[in-house]
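Here is the structure we will look at.
The values are calculated or read from the model by the stated rules, or taken from the named source; none is laboratory data. Note that this is a predicted model, so its numbers are computed, not measured. We place every Cβ from the backbone using ideal geometry, glycine too, and count neighbours over all the protein chains shown. Ligands, DNA and RNA are stripped out before the accessible areas are found, and what is left, the full protein with its side chains, is counted by its heavy atoms. Shrake-Rupley method; radii C 1.70, N 1.55, O 1.52, S 1.80 Å.
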Amino acid sequence: FSAPPEVKFFVEDSASTVCSGAAAVRAVLAAGDWTKLFCLDVEMAVKPEAREGFLEALRADQSGALSSEPLAVSYLFGEDNERPNVFHMFEAYSGGREGFAQHAKTPHYAKWAEFKGTEPFAAPAKVGYYVVDLDGHQERLQTR
């Protein structure tokens, strides 16, 4: 590294989502679905006065994704340990970008997008996208 890495610590908003996410990953692996996982890593700074609405909207999107979307493998978010009103979110969808594209067509995502339009953020979101390619790693992953 040319500079020390930025390390993010946050407390997951709902312990049940961690378990759901882990179960979903195991289900994808057990089913032999070795398509790519499309992942998002997002940091959002929320205006203090928008905090409750933000949490309500994000929890609804998370719940909808994990309960009704077969391609939603993981959806975690929580508040930064050191910076109040800064939240980190991680999402993973099987099927590559198409998994996320399906998520973006859902009613719960539409409500999240509507909330984002109210300008609740104190700074632009920092978003990272990446793909976890499980193809060809089936034997190694199953032995862990």
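At-a-glance table
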quantity	calculated
Only listed residue being surrounded by 19 or more Cβ atoms within 10 Å (Cβ to Cβ), in contact (Cβ under 8 Å) with a residue 12 or more places away in the chain, over 22 Å from residue 121 (Cα atoms) and hydroxyl-bearing (Ser, Thr, Tyr), chosen from 68, 74	74
Residues of region 28-54 that turn out to be modelled with pLDDT of 95 or more and either buried (at least 16 other Cβ atoms within 10 Å of the Cβ) or assigned to a helix (DSSP H, G or I) (or both), as a count	11
Test result for residue 136, modelled with pLDDT under 95, over 21 Å from residue 57 (Cβ atoms) and either acidic (Asp, Glu) or open to solvent by less than 70 Å² (accessible area, probe 1.4 Å) (or both)	no
Counted residues, region 100-132 - those being more than 23 Å from residue 8 (Cβ to Cβ), among the charged types (D, E, K, R) and either in a loop (DSSP other than H, G, I, E, B) or under 17 Å from the mean Cα position of the chain (by Cα) (or both)	3
